[in-house]
Every structure is written in structure tokens, then in C-alpha cells.
1. Among the listed residues 44, 72, identify the single one that is within 15 Å of the ligand (Cβ to nearest atom), within 20 Å of residue 9 (Cα to Cα) and in a loop (DSSP other than H, G, I, E, B).
2. Would you check if residue 65 is within 14 Å of the ligand (Cβ to nearest atom) and either modelled with pLDDT under 95 or farther than 21 Å from residue 147 by Cβ (or both)?
3. Spot the failing condition for residue 141; the list is (1) more than 12 Å from the ligand (Cβ to nearest atom); (2) over 25 Å from residue 12 (Cβ atoms), and only one is missed.
4. Testing residue 38 on (1) within 16 Å of the ligand (Cβ to nearest atom); (2) part of a loop (DSSP other than H, G, I, E, B); (3) in contact (Cβ under 8 Å) with a residue 12 or more places away in the chain, one condition comes back false. Which one is that?
5. I'm trying to understand the selection: among the residues of the stretch 158-186, which are surrounded by fewer than 11 Cβ atoms within 10 Å (Cβ to Cβ) and either modelled with pLDDT of 90 or more or over 28 Å from residue 50 (Cα atoms) (or both)?
6. Can you tell me which residues in the stretch 144-173 are more than 12 Å from the ligand (Cβ to nearest atom) and more than 17 Å from the chain's Cα centre (by Cα)?
7. State all residues of the stretch 118-132 that are within 16 Å of the ligand (Cβ to nearest atom) and crowded, with 18+ Cβ neighbours inside 10 Å; if no residue qualifies, say none.
8. Give the stretch 75-96 a look and list any residue that's closer than 17 Å to residue 22 by Cα and in contact with a helix residue (DSSP H, G or I) (Cβ under 7 Å, 6 or more places away or on another chain), or say none.
Ligand code: 0O2
């Protein structure tokens with residue numbers, strides 16, 4: 001039996017509808033401002049095995065309540081922006097959506113994790129036409145959104161991959177190098193932002 005139980009079929013449908021809504025926000029923004037709000041958008045339903053492992057790690061029973069209430073990232077989206085400012089514009093636009101309610105925010109861009117990880121995390125409650133774990137219909141489901149620049153995304157993907165390489169001989173050196181690269185990329189993001197601002201001012 002799936003850890004998501006009878007709710008398993010709803011999750012990809014909720015993901016699709018949130019993806020579509022955010023695509024719509026992006027299209028509207030491009031039409032109005034003549035520039036892209038984000039570079040790319042992706043989403044996934046967390047695999048059952050991965051969710052089961054996460055529940056086990058947290059000492060939670062393997063049941064839908066753990067997967068869909070105690071954990072809030074069964075449905076996850078990532079918005080990758082070209083510039084840091086665009087991340088905050090996206091967040092403002094998400095907050096204006098009537099059917100999205102942001103219940104938790106973590107700004108790892110202003111406060112990077114000690115290892116150098118940068119990203120902005122939101123947990124949203126989304127109203128859906130489906131029954132939820134509490135038996136309510138329309139039901140409320142959680143969706144995690146990670147917002148990053150291209151540079152932050154590149155770093156996080158490589159770091160994530162390396163986490164699963166257990167045969168690294170000099171982990172301390174690698175962690176130090178990764179932190180150094182994260183800080184260099186963050187500095188590039190700020191420079192790119194400044195260049196865009198200079199171009200905009202030149203257009204006035
Ligand atoms: P996956 O496989 O990417 O989904 P949670 O663990 O979600 O219950 P927590 O610890 O408060 O709660 O989560 P946080 O800090 O919001 O981070 C959750 C997700 O952010 C992770 O999900 C990763 O996707 C990403 N993340 C956080 N820290 C790092 C990091 O140092 N490096 C990288 N590459 N990604 C990070 P999962 O479920 O751990 O993994």
C-alpha cells in the first residue's frame with residue numbers, strides 16, 4: 001500500500017494545477033513587463049520510497065497523515081529565476097493568489113545555511129477539489145516551493161549529488177571548497193543584479 005494511501009492519485013493532479021497557475025502568473029508578468037519572471041519551473045511528487053525514508057528518519061509511522069501533514073513537501077515545486085530581485089517579485093505574486101495561503105517562509109538567501117546553501121522556501125496551503133486527510137472536501141494540501149537563482153540551483157544540484165557519494169576521501173576539504181564556491185556564486189548573483197540595474201538606468 002502506498003504511503004500516500006487513497007490520496008496518491010490526487011497529488012500529481014494538484015501539482016499540475018499549481019504548475020499551470022504559476023505558468024499563468026509568469027505569462028501575465030511577461031506580457032506586462034516585457035521580461036521573464038523566471039527562467040524555469042519544475043515540480044515533482046516526492047517518490048513513495050523517499051517519503052517513507054523521510055518518515056522513518058523522523059520516527060513517524062508510515063501512513064498518509066505522516067506523509068501529507070507531518071511532512072509538507074510531498075508536492076514540491078522549484079522556480080528558478082535569472083535574478084535575485086525576481087525571486088522576491090515571484091513571492092509577492094504568489095502571496096496575491098486567492099487559493100494559495102503561505103504558512104511558512106525560510107529565507108536562506110538572506111541567511112544562507114552554514115554549508116553555503118541558498119534558496120527561498122515557502123510552504124503553501126492550497127485549496128483543492130479533492131478530499132484531504134481530515135476528510136474535508138474541498139481539501140487543503142501542502143505544497144513546498146523553492147525559489148532560487150540559476151547560480152544557486154547549479155550549486156544545490158551539485159552539492160545534492162555529492163551528498164550521496166559516500167566514498168569521498170577528504171570530506172572536510174570538499175565542504176570548504178563547496179562553501180567557497182557558494183559564496184563566489186552569491187557574489188556573481190549580486191553583480192548580475194547590478195548589471196541589470198545599470199542597463200535599466202541607461203534606458204531611462
Ligand atoms: P529532497 O530530496 O531534495 O526533497 P524537512 O526536512 O523538509 O521536513 P526542513 O529541514 O526544515 O524540513 O527543511 P528545509 O530546510 O526547508 O529544506 C528542505 C529541502 O530543501 C530539502 O528537501 C532539499 O530539497 C533542500 N535543501 C535544504 N538544505 C539543503 C542543502 O544543504 N543542500 C541542498 N542541495 N538542498 C538542501 P529534502 O527532503 O531534504 O530533500
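The values are calculated or read from the model by the stated rules, or taken from the named source; none is laboratory data. Note that the structure is predicted; figures quoted are calculated from it, not measured. Reconstructed Cβ throughout: ideal geometry from the backbone, glycine too, with neighbour counts over all protein chains shown.
1. It is 72.
2. Here the answer is no, as residue 65 does not meet what is asked.
3. That leaves (2) as the condition not met.
4. Among (1) within 16 Å of the ligand (Cβ to nearest atom); (2) part of a loop (DSSP other than H, G, I, E, B); (3) in contact (Cβ under 8 Å) with a residue 12 or more places away in the chain, the lone unmet condition for residue 38 is (1).
5. The answer is 160, 173.
6. 165, 166, 167, 168, 169, 170, 171, 172, 173
7. 118, 119, 120, 122, 124
8. Hits for the stretch 75-96 are 75, 77, 79, 80, 81, 82, 93.
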